[in-house]
Amino acid sequence: MSDAPTVRRLALALPEVVEQDHHGRPSFRVGGKIFATLWDADHVNVILDEAGIRTTVDRDPRVCEEVWWGRRLAAVRLDLRSADAGVLAELLEDAWEGKAPKRLLAKGAAASDG
């Protein structure tokens, strides 16, 4: 089980993440790009590529669902009441990597090589 404070703690622990309002909802951004949004107290939308969204939903459809914006598959919505904190952390990290500036990704690769 997870909750909104856990989302906030995990997201803000990632490099250079800021929390900003997005149409009345908290969003988490890196390099000015949103990678997750707290939809409500019980749900978070995590922005992944299409393959990541489908894999996540297939892995645990009880906790995850696809989010469509118009005709575009855009995110996975996690039910925080049922989501494991480890899975939540993994998804937030994946989404962060998808939006982080190349300079941050290069720093992470250099740190893991050392």
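The values are calculated or read from the model by the stated rules, or taken from the named source; none is laboratory data. All values derive from a computational prediction rather than experimental measurement. For neighbour counting, all protein chains shown are included, and Cβ atoms are generated from backbone atoms with ideal geometry for every residue, glycine included.
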- [ ] Provide a single number: the residues in the range 60-80 that are more than 11 Å from the chain's Cα centre (by Cα), surrounded by 12 or more Cβ atoms within 10 Å (Cβ to Cβ) and either hydrophobic (A, V, I, L, M, F, W, C) or at pLDDT below 95 (or both).
- [x] 7
Open item on the list: Can you pull out every residue in the range 49-93 that is touching a helix residue (DSSP H, G or I) at 6+ places or on another chain (Cβ under 9 Å) and part of a helix (DSSP H, G or I)?
Closed with: GLY52, THR56, ARG59, ALA85, VAL87, LEU88, ALA89, LEU91, LEU92, GLU93
Open item on the list: Can you tell me which residue is farthest from LYS102 (Cα to Cα) among those in the range 1-30 that are assigned to a loop (DSSP other than H, G, I, E, B) and touching a helix residue (DSSP H, G or I) at 6+ places or on another chain (Cβ under 7 Å)?
Closed with: SER2
Open item on the list: Looking at the range 64-81, can you tell me whether even one residue there is in contact with a Ser or Thr (Cβ under 6 Å, 6 or more places away or on another chain), touching a residue at least 60 places away in the same chain (Cβ under 8 Å) and not aromatic (Phe, Trp, Tyr)?
Closed with: yes
- [ ] Keeping to the range 38-54, report how many residues are within 17 Å of SER2 (Cβ to Cβ) and more than 13 Å from the chain's Cα centre (by Cα).
- [x] 3
Task: Sole residue being touching a residue at least 24 places away in the same chain (Cβ under 8 Å) and touching a strand residue (DSSP E or B) at 6+ places or on another chain (Cβ under 6 Å), chosen from VAL87, VAL44 - done: VAL44
TODO: Pull up the range 31-43, narrow it to residues that are in contact with a helix residue (DSSP H, G or I) (Cβ under 7 Å, 6 or more places away or on another chain) and in a strand (DSSP E or B), then point me to the one that is surrounded by the most Cβ atoms within 10 Å (Cβ to Cβ).
DONE: ALA36
- [ ] Please find, within the range 14-37, the residue that is nearest to the chain's Cα centre (by Cα) out of those that are of a type in the set (Gly, Ala, Ser) and over 16 Å from VAL87 (Cβ atoms).
- [x] SER27
